[in-house]
1. From (1) at pLDDT below 90; (2) part of a helix (DSSP H, G or I), pick out the condition that doesn't hold for Gly551.
2. Considering only residues of region 32-45 that are open to solvent by 20 Å² or more (accessible area, probe 1.4 Å) and more than 16 Å from Lys17 (Cβ to Cβ), which is nearest to the chain's Cα centre (by Cα)?
3. Scan region 237-249 and give yes if some residue there is within 21 Å of Asn382 (Cβ to Cβ), open to solvent by 50 Å² or more (accessible area, probe 1.4 Å) and more than 18 Å from the chain's Cα centre (by Cα), otherwise no.
4. Which one is nearest to Asp568 (Cα to Cα) among residues in region 323-361 that are among the basic types (Lys, Arg) and loosely packed, with under 14 Cβ neighbours inside 10 Å?
5. Could you grab me the full set of residues in region 6-31 that are open to solvent by 50 Å² or more (accessible area, probe 1.4 Å), touching a residue at least 40 places away in the same chain (Cβ under 8 Å) and either among the polar types (S, T, N, Q) or closer than 21 Å to Glu180 by Cβ (or both)?
6. Tell me which of these Met478 doesn't satisfy, since it passes every other one: (1) out of contact with any Leu (no Cβ under 9 Å at 6 or more places or on another chain); (2) under 24 Å from Lys263 (Cβ atoms).
Amino acid sequence: MGKVYRFDDAELRILEKQPIPLAVYQYVDRHVYTLALSDGFLELFGYTNRADAYSLSNQNALYNTHPDDVGRVGDTVYRFAVQGDKYEVIFRAKRHMGQGQDCHIVHGIGEHIYTDTGVRLAYVWFTDEGEYTGNDSTQAATLNMLFNRALHEESFLKANYYDSLTGLPNMTYFFVLAEEYKNALKEKGGNAALLYIDLDGMKSFNDNFGFAEGDKLLKSFAALLNHSFGRENCCHVSADHFAIYTEDAGLEKVLRRLFAEAKKLNGGNSLSLRVGVYPDSVEDAPVSIACDRAKMACDTIPKSSNSGFRVYSDKMRSEIKRSRYILSNLDRAISEKWIQVYYQPIVRAVTGRVCDEEALARWIDPIKGFLSPADFIPTLENAGLIYKLDLYVVEQVLEKIQMMHSVGLPIVPQSVNLSRSDFDACDIVEEIRRRVDAAGVSRDRLTIEITESIIGRDFEFIKAQVERFRELGFPVWMDDFGSGYSSLDVLQSIRFDLIKFDMSFMRKLEEGDSGKIILTELMKMATALGVDTVCEGVETKQQVRFLQTIGCSKLQGYYYLKPVPLGDVLERYKNGIQIGFENPDETGYYDALGRINLYDLSFMASADESVFSNTFDTIPMGIIEVNAAWDRVQFVRSNQSFRKFMHRTVTS
């Protein structure tokens, strides 16, 4: 590494006492070091503390430059330092630290001067051309004239080294800087890592807030990277993608801090980050290859409202190969029906009859065999192509409804799942409405399921789409309730027709009474809101009994049936082994009946603590259905205490 020059104390005092704005820099190993700053420099740029001026200037020599001018000035600095071009540039400078808009027009002129020992130093003098407010037409005209003259000079028309939007090095220059950084770190015994960052959801952000706000967010994020890693270690690759070279020691902690800070950008109106990491410890690859592999790792991270990172491994190569196969064969898989729609029944808790069915995509490939939804769905979501699959599923469901109607079979509502990227790729609400109406199917026969996790990514936008669906007559369910961190907040703001509880609640039922208490209270809350409920992942008779007792409206899981293709559904009918569909005319009645909670603890609110020693040993409760037309009386629901009571009574 090169050696940084130091003035002796007497020379430094003379330079620092100069009343004219002057800065002395040295370019060593592709980094700019600040050696001297005059009193005039401090006054021009608004510093009251010389130590702060040195510290900030050494972190970023362009710290005082207006963000819109950083890229242009950075190019000039690079050519001045590396190629020996002249340094003359006009730019807007922040005069006072922390007062953003208070800018002056500054004219900088520099030249190289060699010391007696042959060390090349850069002396740069600055002239204050006046205040820039951006509002005064005369000032704006003067600024434009100066900028136009500068921008049309030959030196400004040469190859760029810095990105004009963010002021960060462009990719070509970044690769050069990163190789130097990696080699320097090796000499110290350290290891580097390349990070590839994607701001997730930039297209939607631009659509909702405009490109000006999008550029503002990109600049803010670039400034955060500059502060966190240093400008020369960062790169604006393209659009919403960035790259960073940094030390791999303590990297996870650094990334967690970056995620937290990024969340606060733009007044909190920011985006989540997906970060792919390629450590040099995997293989000492050239920077360009390291960048490709970090991008591979980034691309395997599912889109989410939460930031996350993934470290590259050799296993990812096979994952990438599989993803490429999926993307290149999607259209063929749809047209040749490699992708089939399977149906899983959703059963009314009170009657045990099928009241809804969920449509699920299954890819049965002639070459690869059965492809897991956990593989092809995230791949299509990340590529923005999931809308093709989801609209195909809707079309298959509509064909099924038409077929069942033609042969006189009962038709219950069919639910389809939508992804967040569906809403980015097209007007998914209108696309579905158009297909349903063209098929002559009643809109209330198609239910829309929206996963809780996609709501937080763009709350107001998704809320508006949910309202559009419901206004058009489509029921909308919240899927995987409880899998995120904002479920209750969402329910306060968005009206859903049903809440589908994540299957994790079923697993927790086996862990003790705490899981039962939580689920019981959530059922009471849903009932109070007038919202139906489904629990998925039901596998045992004990789970069925408990869910029936606490007022869960509907049940779904392998206890009843795994997802099966339409042919199997029809075959079960033919063989008389179907579960059986409920009468649509009785749906409203059983909706109301199913919501009654037989473990309702509200009557115990004023009781002493001993009442709670066994929460589920409550008073016996049951529901009797009297059917005068059939001259029949039957118990349709009861809790465990009631069943024990009846067993003792009948036995005795």
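1. With (1) at pLDDT below 90; (2) part of a helix (DSSP H, G or I) applied to Gly551, the lone miss is (2).
2. At the first step, the residues of region 32-45 found to be open to solvent by 20 Å² or more (accessible area, probe 1.4 Å) are 32-33, 35, 39, 43.
Filter once more, keeping what is more than 16 Å from Lys17 (Cβ to Cβ): 32-33.
Values: Val32: 36, Tyr33: 38 Å.
Per the criteria, the residue is Val32.
3. Looking for residues that are within 21 Å of Asn382 (Cβ to Cβ), open to solvent by 50 Å² or more (accessible area, probe 1.4 Å) and more than 18 Å from the chain's Cα centre (by Cα), one finds at least one in region 237-249, hence yes.
4. Lys337
5. Within region 6-31, Tyr27, Asp29, Arg30, His31 meet the criteria.
6. (1)
Table: residues versus (1) open to solvent by less than 10 Å² (accessible area, probe 1.4 Å); (2) in contact (Cβ under 8 Å) with a residue 40 or more places away in the chain; (3) part of a helix (DSSP H, G or I); (4) touching an Asp or Glu at 6+ places or on another chain (Cβ under 8 Å).
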residue: Trp363; (1), (2), (3), (4): yes, no, no, no
residue: Ile367; (1), (2), (3), (4): no, no, no, no
residue: Gln396; (1), (2), (3), (4): no, yes, yes, no
residue: Glu430; (1), (2), (3), (4): no, no, yes, no
residue: Ala438; (1), (2), (3), (4): no, no, yes, no
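One line per residue, one yes/no per condition, for (1) open to solvent by 20 Å² or more (accessible area, probe 1.4 Å); (2) at pLDDT below 90; (3) within 28 Å of Val32 (Cβ to Cβ); (4) not in a strand (DSSP E or B):
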{"residue": "Lys182", "(1), (2), (3), (4)": "no, yes, yes, yes"}
{"residue": "Leu185", "(1), (2), (3), (4)": "no, yes, yes, yes"}
{"residue": "Ala193", "(1), (2), (3), (4)": "no, no, yes, no"}
{"residue": "Asp198", "(1), (2), (3), (4)": "no, no, no, no"}
{"residue": "Leu225", "(1), (2), (3), (4)": "no, no, yes, yes"}
{"residue": "Arg257", "(1), (2), (3), (4)": "yes, no, yes, yes"}
{"residue": "Glu283", "(1), (2), (3), (4)": "yes, yes, no, yes"}
{"residue": "Ser288", "(1), (2), (3), (4)": "yes, yes, yes, yes"}
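The values are calculated or read from the model by the stated rules, or taken from the named source; none is laboratory data. The shown structure was predicted, so the numbers you read here are calculated from the model rather than taken from an experiment. Please note: Cβ atoms are built from the backbone with ideal geometry, for glycine as well, and neighbour counts cover all protein chains shown. Side chains are part of the model used for accessible areas, which takes the heavy atoms of the whole protein and leaves out ligands, DNA and RNA. Shrake-Rupley method; radii C 1.70, N 1.55, O 1.52, S 1.80 Å.
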